[in-house]
Amino acid sequence: MKSNVKTASLLNKPERAAYLFIAPAMLILFIFMLIPLVSTIAISTLRMDVFMQSADFIGLAHFQRMLGDSKFWGALFNTAYFTVLEVPFQIALSLVAAVFVSRNTRLRKFFRSALFLPFVCSLTAIGIMWSFLLDPQIGLYTHYLTQLGFPRLGFLRDPNLAMPAVIFMTVWRNFGYTMVILVAAIQTIPGSYYEAAELDGAGKFRQFFNITIPSIIPALGFSVVTATIMALQVFDQIFVTTQGGPMGKTETLVTYIYKSGFQTAPYDLGYASAISVMTLIVIMIVTLAMNRYFQSKETTDMH
């Protein structure tokens, strides 16, 4: 009886009841995010293989090793190259598509669903599909290109074409998700803004840059930040299609982490953890800088 009274008194206070509702989510975050994060930071200071047979404390030696590791710097460059090209293309294509399908007609709702569909598919399945489509011997697209007079190109086997091919595949898969977010933002813009602009003689392009873009800055900022975080952690499509090749041209930070810790001897889990910590630091710096920029843009546009 007393326990029921205590529970009732607890739930009668909103601030205390709120903690009960968020407790399961906080527990999941603690178990699956905080503990692995702390463990990774701890392992980065140890000399340890994936079998955990021994663990010798070496401090920051792994981070010093990174400074002279050409493969790490190559992976960092490839990750930056992928991000700098993939994110702008994805956002630009999503924005253009969102403008065209934002009206709630049956045809545009169909296009909205069709463009979003690739995002719900597994990246592994998409990577396998594109590997077949771009195969130099049996690929459908390469066949059509040779029919048009182009040389037989091995997109995923050519050091100069592999990363652009992976970027194209990633943009194709992800832009529908960003498009849906931007469509939702565009639909909240009052129609009176566009009517007033038309009365002032503003054309479609001027309305787009002076009304649409400033009005969806919060959604646009969210889309850019999340797309950047996903790009900096790119792994699945590269692992399925190129395995980091050819000649290491598609080796990214996350694929290098996997290879260092789990695929190639001596299965250096400590060094892989150190690269993971460095990747986390890079993502945090980039994310905080971009978030601050978009917050300042939002504040400026409000004034």
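The values are calculated or read from the model by the stated rules, or taken from the named source; none is laboratory data. Predicted model, so just to flag it, every value in this text is computed and none were measured. Here Cβ is always computed from backbone atoms with ideal geometry, including for glycine, and neighbour counts include all displayed protein chains.
Among the listed residues F72, F100, F116, identify the single one that is part of a helix (DSSP H, G or I), without any contact (Cβ under 8 Å) to a residue 40 or more places away in the chain and more than 15 Å from the chain's Cα centre (by Cα). Walk me through how you get there before you give the answer.
Values: F72 fails: without any contact (Cβ under 8 Å) to a residue 40 or more places away in the chain; F116 fails: without any contact (Cβ under 8 Å) to a residue 40 or more places away in the chain.
After applying the criteria, what remains is F100.
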Open item on the list: Just to be sure I understand, how many residues within segment 268-301 are modelled with pLDDT under 90 and either basic (K, R) or in contact with a strand residue (DSSP E or B) (Cβ under 8 Å, 6 or more places away or on another chain) (or both)?
Closed with: 1
Task: Of residues in segment 45-94 being touching an Asp or Glu at 6+ places or on another chain (Cβ under 8 Å) and small (G, A, S), the one surrounded by the most Cβ atoms within 10 Å (Cβ to Cβ) - done: A75
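Quick check: is even one residue across segment 169-178 of a type in the set (A, V, I, L, M) and under 26 Å from the mean Cα position of the chain (by Cα)? Before you say what the answer is, go through the steps one by one.
The first filter runs over segment 169-178 and keeps only residues of a type in the set (A, V, I, L, M), leaving 169, 171.
Within this subset, residues satisfying the condition of being under 26 Å from the mean Cα position of the chain (by Cα) are 169, 171.
Yes, segment 169-178 contains a residue that is of a type in the set (A, V, I, L, M) and under 26 Å from the mean Cα position of the chain (by Cα).
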Task: Tally, over segment 144-168, of residues that are part of a helix (DSSP H, G or I), surrounded by fewer than 20 Cβ atoms within 10 Å (Cβ to Cβ) and touching a Lys or Arg at 6+ places or on another chain (Cβ under 9 Å) - done: 2
